[in-house]
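Values in this text are rule-based calculations from the coordinates and carry no lab data. Computed from a prediction, not measured in an experiment: that's the story for all the values here.
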Amino acid sequence: LSFLGVGGYRLLKAEAPGGVAFERERPRITDTARDLWKLYLLISAAEVLLLKLSGTSLYDAFCHTFTTMSTGGFSPHGESIAYFGPVTQWIIIVFMFLAGMNFSLHAQLIRGRAGPVLRNTEFRAYAFILLACSLIGIIASSDPDLGKRIRDTIFQVVSIGTTTGYATADFDAWPQIMRLIIVLLMFSGGCMGSTGGGMKVARLVIYAKAIVRELYKLIYPHAVKPIRAGEKVISPKIVSNILAFGAIFAALFLVGSFVMAACGYDLVTSISASAAAIGNIGPGLGDVGPTANWAHLPDLAKWVMRLLMLLGRLEIIPFLVLMYIGFSAVLHHARSFRPGRPGLGKKKD
């Protein structure tokens, strides 16, 4: 970190452009990290215990806790979470939802402060998106078993919305409106400071408010209308940072879709594969759906999807910054060292 000229907290903020990943209450980043570890382990221990009480083996309880809290979505069973009963599925739904929240909100809940959580703009948007999509899915589904319809719909909405990627049903066979919603959820992701991928709900809120502000200023050109997140005013620098992130995210998504289409895949597969890769989802639609896999991709598509997964996991900006720093250092060295000119470049080497 000293080589890069940044401190730990500054790097933590860089991973979440436009917002602090974990609102610290301690002066040192090491203390904040320690609190975050305690919180993560506490929630994980609670999930292990509940899964064990629901009837799973201790091995399954640990495996699925690790991949729920990290929103990784891997399961040792080929049927994924469909292998387990309804009680286990509901427990995993709850903890996927918690994993998609900002972990600083968990700290507030543990301290008994529910008010700040309920007033948090991002959390309310996050809960509204998942609730609205679940209601649409329940209405659109034709499954005669109402209990299973509700459970499967909520499970898949929360799983894709938090970028976990577990599956209890073949959502690729769902009605077209729900397939579209699934793709859109791949972009939204979880909250800032969560383990989820995607663009993050906080950025989507800022995008919406930026559009409203620009429309307002077209009507009232001299008006001063700052963008707020709750009661906090978002600085223009942060807003521009978020907008830049969105532009880069969209550009990378288009590149991935183009490569998949160039490799011969249909439009649904191409778009969903690119969105699933950069959003760190796992399953997409079509040939990379929940009942399929990615093994059939040609080498070019696999390399591009690997890059998108890496960029998406690192929030794009830090990776590009590191690449820029490295490239600038090499370029500076090349310019300063010129053989044939006496004495030039020796001290710098």
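Percent relative contact order of the range 153-310, based on C-alpha pairs within less than 8 angstrom and at least six residues apart? Kindly include the intermediate steps, with their values, before the conclusion.
On the way: 193 pairs, mean separation 36.3, N = 158.
Averaging sequence separation for qualifying contacts and normalising by length gives 23 percent for the range 153-310.
Scan around Leu285 for amide H atoms under 5 Å from its own, H built in the peptide plane at 1.01 Å from N, and keep only partners 5 or more places away or cross-chain.
Here the answer is Ser272, Ala273, since their amide H atoms fall under 5 Å of that of Leu285.
Taking 0.36 nm per residue of sequence separation and subtracting the Cα-Cα distance, how much length would be gained by fully extending the chain between Ala114 and Tyr220, in nm to one decimal? Walk me through the numbers before you get to the answer.
On the way: separation 106, 0.36 × 106 = 38.16 nm, distance 3.81 nm.
Roughly 34.3 nm would be gained on extension.
Considering Cα pairs under 8 angstrom that are at least six residues apart, work out the relative contact order of the chain and quote it in whole percent. It would help to have the intermediate numbers written out before the result.
Working: 438 pairs, mean separation 55.4, N = 349.
Value for the chain: 16 percent.
Which pairs in the list Lys52/Lys148; Lys217/Lys237; Lys38/Lys148 are over 27 Å apart, alpha-carbon to alpha-carbon?
Lys38/Lys148
What are the ³J(HN,Hα) values, in whole Hz, obtained from phi via the Karplus relation 6.51 cos²θ - 1.76 cosθ + 1.60 with θ = phi - 60°, for each residue of the range 166-179 in sequence order, with x given for Gly and Pro?
For the range 166-179, the Karplus curve yields 5, 9, 10, 8, 7, 5, 5, 9, 6, x, 4, 5, 6, 5 Hz.
In whole Hz, with x marking every Gly and Pro, tabulate ³J(HN,Hα) for the range 153-159 from phi via Karplus 6.51 cos²θ - 1.76 cosθ + 1.60, θ = phi - 60°.
Taking θ as phi minus 60°, the curve returns 5, 4, 4, 5, 5, 5, 4 Hz for the range 153-159.
Return the calculated 222 nm mean residue ellipticity for the chain, to the nearest 500 deg cm²/dmol, obtained by summing -39500 (n - 2.57) across DSSP H runs with n ≥ 4 and dividing by the residue count.
On the way: 14 runs with 214 residues, N = 349.
Result for the chain: -20000 deg cm²/dmol, rounded to the nearest 500.
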